[in-house]
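Please treat every number below as a calculation from the coordinates, not as lab data. Not measured: the values here are computed from a predicted model. Please note: Cβ atoms are built from the backbone with ideal geometry, for glycine as well, and neighbour counts cover all protein chains shown.
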Amino acid sequence: MEISTLDPKLQALVKAAVDVKNNAYCPYSNFRVGASVLCSDGSIYAGCNVENASYGLCVCAERNAVMKAVSEGKKNFTAAAVSCDIKGDFKGPCGVCRQVFAEFNLDIELYLTKPDMTYKKVVLKDLLPMAFTPQSLEEERI
Ligand code: THU
């Protein structure tokens with residue numbers, strides 16, 4: 001599907017993910033990623049991947065977008081967009097970032113985008129079956 005067919009707010013969400021990808025700090029992987037989250041109040045926060053010479057400290061774009069939003073007091077996310085430079089298949093967020101999204105909304109809609117400005121919409125819970133969420137901690141235990 002073409003991004004131009006989305007409603008304007010979602011187009012803005014995708015544009016934020018695409019634009020912030022220009023700030024990706026990825027000298028080790030040379031793999032740029034941009035992500036953005038849409039909050040229930042209409043605000044949008046974007047983040048890029050930030051790598052480190054100590055490779056294990058690399059932080060994904062999705063998590064940086066979430067951390068920025070939460071740091072500004074926003075945690076009701078309705079949608080997120082992810083942009084990378086892969087031309088072929090749509091790419092979903094890594095497993096760690098799926099879990100971070102799940103902390104806030106297992107029903108969040110993810111707009112996976114390609115450089116040709118097409119998108120695929122998926123729902124997080126379909127990417128993270130049997131998810132462990134904050135509610136899991138409230139369930140009856142022995
Ligand atoms: N990366 C992301 O930013 N998001 C993902 O969902 C997968 C991977 C980043 C981490 C690293 O900087 C680079 O892409 C290559 O793994």
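Quick notes
- Beta bridges per DSSP with both ends in the chain, % antiparallel, nearest 5: 75
- Couplings 3J(HN,Hα) for the stretch 101-107, derived from phi with the Karplus relation 6.51 cos²θ - 1.76 cosθ + 1.60 (θ = phi - 60°), are 4, 4, 4, 10, 6, 6, 9 Hz, where x marks Gly and Pro.
- Using the Karplus relation 6.51 cos²θ - 1.76 cosθ + 1.60 with θ = phi - 60°, the per-residue 3J(HN,Hα) values for the stretch 65-71 come to 5, 4, 5, 4, 5, 4, 5 Hz, with x marking Gly and Pro.
- GNM top mover of GLU51, GLU103, GLU72 - the chain, alpha-carbon springs below 10 Å: GLU72
- Whole-Hz couplings from phi, Karplus 6.51/-1.76/1.60, listed for the stretch 83-98; x for Gly and Pro: 10, 9, 9, 6, 7, x, 7, 5, 10, x, x, 5, x, 4, 5, 4
- Most mobile of SER83, SER40, SER71 in a GNM of the chain (Cα contacts under 10 Å): SER71
- DSSP loop trypsin sites (Lys or Arg not before Pro) with at most 11 other Cβ within 10 Å excluded, longest remaining stretch of the chain: 1-86
- GNM on the chain, alpha-carbon springs under 10 angstrom: the most fluctuating residue among ASN30, ASN49, ASN22 is ASN30.
- Based on the Kirkwood approach, the hydrodynamic radius assigned to the chain is 15.3 Å, with every pair of different Cα atoms included.
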